[in-house]
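Reviewing the structure listed below.
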């Protein structure tokens, strides 16, 4: 038992290292790292204040203001940098909440089974059918619009898919020989889960975390654009919402909307590339999907050799 489990764990983490070494994962990591670095140092690199005007209303991009200005004469580059810091904080925090809650539900449900599985999965099903936008409207009406409410709503509604994926994996892991041997020699449930189950789930949770970040950031942007986020906070979503409400589209000031939207899209694509690469490595069947572009190639006829085509 002592030799089998660590060997399997090393194999799983070796698969993860191989996955993040692929070209698509490297591109995704570079994109994520760029936005992380910019967000962390946005206070030092933004050229102008985000609370005081520094140019004219909807001034176009110039050498002094690379992304132009908004309806209040505030530099758009500074707003985008500041908004990225808040948007990424909301996205990462909400994703972390979702992964922790989903992992707890999935591990307990998959490991213990029986009535525990039934109760936890019914709770999961109930959360899956709750309309997120409707709930956010209710929360904003009752408690007021704030970033903390947005984080809680996104985090506590986004964990359901993680719970189901983790549950399926744990149901398989608990039947492994080394897990049964650990139970037969008297290892407790807590020790088995922490020593033999969770290390095997590490790469899967990492992949789900990266993908959850994309959903969280997209949801925060959508909620902010609908006016359901904190109106005083500068996020990519509120930047686009304010520009849309104040006539940026009708005046042709595309620079007040497009940069924030492109940042959201680029970050989502970067997280998707990393998460998808890890998923492909953990589940090779995904690479042979009939809908995958990787499988769209001519194959030799059976029994005819490579020269048949």
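Every number in this text was worked out from the coordinates using simple rules, so none of it is lab data. Predicted model only: the values in this text are computed from it and were never measured. Cβ coordinates were reconstructed from backbone atoms using ideal geometry, including for glycine residues, and neighbour counts include every protein chain displayed.
Extending 7 Å from Cα along the Cβ direction at residue 51 and again at residue 36 yields two label points whose distance is 3.0 nm. Largest GNM mean-square fluctuation among 251, 93, 209, using the chain with Cα springs under 10 Å: 251. Could you give the angle, 0 to 90 degrees to the nearest 10, between helix 198-225's Cα long axis and the longest principal axis of the Cα atoms of the chain? With both axes taken from Cα atoms, the answer is about 20 degrees.
Give the dimensionless ratio obtained when the Cα radius of gyration of region 179-240 is divided by 2.2 N^0.38 Å. Numbers along the way, then the final one.
Values: Rg = 20.5 Å, N = 62, 2.2 N^0.38 = 10.6 Å.
The reported ratio for this selection is 1.95.
So what's the gap between the Cα centers of region 46-78 and region 96-125, to the nearest angstrom? What the calculation gives is 48 Å, centre to centre. For region 106-239, the Cα-based Rg and Dmax, in that order, read 18.7, 59 Å.
Axis angle, to the nearest 10 degrees, between helix 160-173 and the longest C-alpha principal axis of the chain: 20 degrees.
How big is the convex hull of the Cα atoms of the chain, per residue, in Å³?
Details: hull volume 62.5 nm³, N = 309.
Here the figure is 202 Å³ per residue.
GNM on the chain, alpha-carbon springs under 10 angstrom: the most fluctuating residue among 256, 248, 212 is 248. Over every Cα atom in region 46-177, the radius of gyration and the widest Cα-Cα span, Dmax, amount to 21.9, 70 Å.
Separation between the residue 132 and residue 269 pseudo-spin-labels, each 7 Å from Cα along Cα→Cβ, expressed in nm? Between residue 132 and residue 269, the simple spin-label model gives 2.2 nm.
A Gaussian network model of the chain, with springs between Cα atoms under 10 Å, assigns the largest mean-square fluctuation among 158, 128, 240 to 128.
For 171, 46, what ranking results if the residue with the fewest other Cβ atoms within 10 Å of its Cβ goes first? List each step's numbers first, then the result.
Details: 171 15, 46 18.
Final ranking by Cβ density, sparse to dense: 171, 46.
With q set to 0.15, 0.25, 0.26 Å⁻¹, the log10 of I(q)/I(0) for region 22-83, from the Debye formula over equal scatterers at the Cα positions, is -0.52, -0.92, -0.96.
Put the Cα centre of region 188-203 next to the Cα centre of region 253-274 and the gap is 37 Å.
Using the empirical formula 2.2 N^0.38 Å as the baseline, the Cα radius of gyration of region 155-213 reaches a ratio of 1.27.
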